[in-house]
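Just so it is clear, none of the values below were taken in a lab; they were calculated from the coordinates. Computed from a predicted model, the values in this text were never measured in an experiment. Cβ placement follows ideal geometry from the backbone for every residue including glycine, while neighbour counts extend to all protein chains displayed.
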Amino acid sequence: MNKELIQDAALVSDYINGNENALSILIERHKQKIYSFIYSKVYDRDITEDVFQDTFIKVIRTLKRGKYNEEGKFLPWVMRIAHNLVIDHFRKNKRMPKFDNTGEFSIFSVLSDSSLNAEKTIIKNQVESDVRRVIEELPEDQKQVLLMRMYQDMSFKEISERTGVSINTALGRMRYALINMRKVIEQNNIILTN
Amino acid sequence: MAKIYSNPFPKNDNLKPKDETISHLLNYSKALSVINYNKLKFEALLN
């Protein structure tokens, strides 16, 4: 008998009555429409494959449980299931189609996550604590200028007024402070990079 | 006339599921049996 001549309804009924071959004919008959429908929504072959499979698993379970009401609308019913599963998929991913990063331009070169992860936060804290320990090693006058400049964000004019030395002296102390810090860092092989 | 810059949807005539997927579904169907007990329905996958 020509497969195409058998109505969907008859095949569904056959399948419910235990004819597994009827399902094979139904899938063969409608697979392209259903697959294309899913693909037109998700634009991804692997996801389409998954949704297609889940759709028919639902179809099989519903038919086997005898919960299907035949109204001569097998394909629209399957399409509705596929549609709902596509919605579920997007809901699970909490957004609509993902940005496909296949072109030359990468959106992530513009957008980046500037917040530090746990590991980088620990490293940053370690580096900051090492820097503070190095500063503690400096002579008092250099340490004072450096702390005012770097941690209190004061200008050299303000520093000179506060410490009672000329701007040039303050600049010189800052310069020596940095030189001395570099020396200590090199001598002790301290790594201060994140 | 305004130029449309959006890319056309790629035409793909090969839009059909893999044979493995179909085969998996048919095997699943064969393995699945629903057992009726009073008003309850139990599903069993018998491989």
So what's the back-of-envelope 222 nm ellipticity for chain A, counting only DSSP H runs of four-plus at -39500 (n - 2.57) apiece and dividing by all residues, rounded to 500?
-> -21500 deg cm²/dmol
Would you list which aspartates and glutamates come within 19 Å of A:K67, measuring only between C-alpha atoms, while excluding same-chain residues fewer than 8 positions from it?
-> A:D8, A:D14, A:E20, A:D54, B:E43
Sequence-distant residues sharing a close amide H with A:M154 (under 5 Å, placed H) | A:R149
Within 10 Å of each Cβ in peptide B:16-26, how many partner chain Cβ atoms are there on average? Round it to a whole number, please.
-> 6
Distance violations [Cα-Cα > 29 Å] among A:K33/B:K30; A:K31/B:K39; B:K16/B:K39; A:K58/A:K92; A:K73/B:K18; A:K41/A:K120 | A:K31/B:K39; B:K16/B:K39; A:K41/A:K120
Taking chain A as the reference, fit the longest principal axis to its C-alpha atoms, fit the long axis of helix A:20-42 to the helix C-alpha atoms, and give the angle between the two in degrees, 0 to 90, nearest 10.
-> 40
Taking amide H positions as placed 1.01 Å from N in the peptide plane, with prolines and chain starts having none, which residues 5 or more places from B:L32, or on another chain, fall under 5 Å of its amide H?
-> B:L46
Helix A:167-187 sits at what angle to the longest principal axis of chain A, using alpha carbons and giving 0 to 90 degrees rounded to 10?
-> 60
